[in-house]
Amino acid sequence: MNEPHDDSVDRMEFLLGLRRRGISDQAVLRAMDEVPRERFVQPDFAEDAYADQALPIACGQTISQPYVVAYMTEQLDVRPEHRVLEVGTGSGYQAAILSRMAKEVFSVERYRTLADAARARLQALGFTNVVIETGDGLNGVPAHAPYDRIIVTAAAENVPEALAAELAEGGVMVLPLGPHSGPQRIVKFTKGPNGLERQNLIWVRFVPLLPGQAREL
């Protein structure tokens, strides 16, 4: 007879693994600990929720590996007074992490199925400071701009002009940049009086950031 799976050990290893790989921001680690990742993956993958790997979700998309979520969040430097825009809601996991650290989170998803499911999941879990929109992520969510922080969780080949315009002066945007067919690099932009100041970070592989709202799903 198989014993029930105990994810408390997984979660302990999960947090130790993040620390071991250099994640040191206590607010990020606390948020990663507070958000139940197993609720954001498909049931078939629940036992792998705390493994450091990307996992498939609906609509051919993925939930990023925990280290990448933590790393991008740490680079974003979110404060409690910040309003944050996320492009690419997916299952809602990154939005949930951000909600523990920011005043408000706005997230846009091109697949209605994902947006509706994420909205219901976040409400059920009590993450009440997240607003999820369905739409073209390349346009951001101009109705609520400007944003102190912007995070993009799909790979863009160029910096989306609309997102740069929606970033507040002094704000930070973190996104994967590079060809859809090859490796991309996480890039951090800080918006100053002379435009965007760029800092190249780690190499990654993300699903592509596509224009428009998905016609189906």
Just in the range 16-66: which trypsin sites (Lys or Arg not before Pro) are loop by DSSP and have at most 15 other Cβ atoms within 10 Å? R21
The range 68-197, dipole about Cα centre (Lys/Arg Cβ +1, Asp/Glu Cβ -1), debye to the nearest 20: 320 debye
May I ask you to give the percent of accessible area on the chain that is carbon plus sulfur, with a probe radius of 1.4 Å? 48 percent
Which FRET efficiency value, to the nearest 0.05, do you get for A46 and T113 by plugging their Cβ-Cβ distance into 1/(1 + (r/R0)^6) with R0 = 25 Å? 0.80
Using the reciprocal of the averaged 1/r over all distinct C-alpha pairs, how large is the Kirkwood radius of the chain in Å? 17.3 Å
Per Stokes-Einstein, at 37 °C and 0.692 mPa s, what whole-number D in µm² s⁻¹ belongs to the range 150-189, with the Kirkwood radius over Cα pairs as the hydrodynamic radius? 315 µm²/s
Above 16 Å lies some portion of the pair distances; for the range 29-102, what is it as a whole percent of all C-alpha pairs? 45 percent
If the only charges are +1 at each Lys and Arg Cβ and -1 at each Asp and Glu Cβ, what is the size of the charge dipole of the chain around the Cα centre, to the nearest 20 debye? 440 debye
Over the range 43-190, average the accessible area per residue using a 1.4 Å probe and give it in Å², no decimals. 37 Å²
Simple spin-label model, 7 Å along Cα-to-Cβ: Q213 to A162 in nm? 1.1 nm
Where does helix 66-76 land angle-wise versus the long Cα axis of the chain, in degrees 0 to 90, nearest 10? 30 degrees
Relative to the longest principal axis of the chain, what angle (0 to 90°, nearest 10) does the C-alpha long axis of helix 7-20 take? 40 degrees
1/(1 + (r/R0)^6) with r = Cβ-Cβ of L125 and S8, R0 = 25 Å, i.e. FRET efficiency to nearest 0.05, evaluates to 0.85
Once you have the Cα-Cα distance between R19 and Q65, take 0.36 nm times their residue separation minus that, and quote the gain in nm to one decimal. 15.1 nm
If only Cα atoms are counted, what is the Rg of the range 104-217, and what is its Dmax, in Å? 14.5, 43
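The values are calculated or read from the model by the stated rules, or taken from the named source; none is laboratory data. Owing to the predicted nature of the structure, the values given are computational and were not obtained by experimental measurement. Every residue, glycine as well, gets a Cβ built from its backbone with ideal geometry; the counts of neighbours run over all protein chains shown. Note: areas computed on protein heavy atoms with side chains; ligands, DNA, RNA excluded. Shrake-Rupley method; radii C 1.70, N 1.55, O 1.52, S 1.80 Å.
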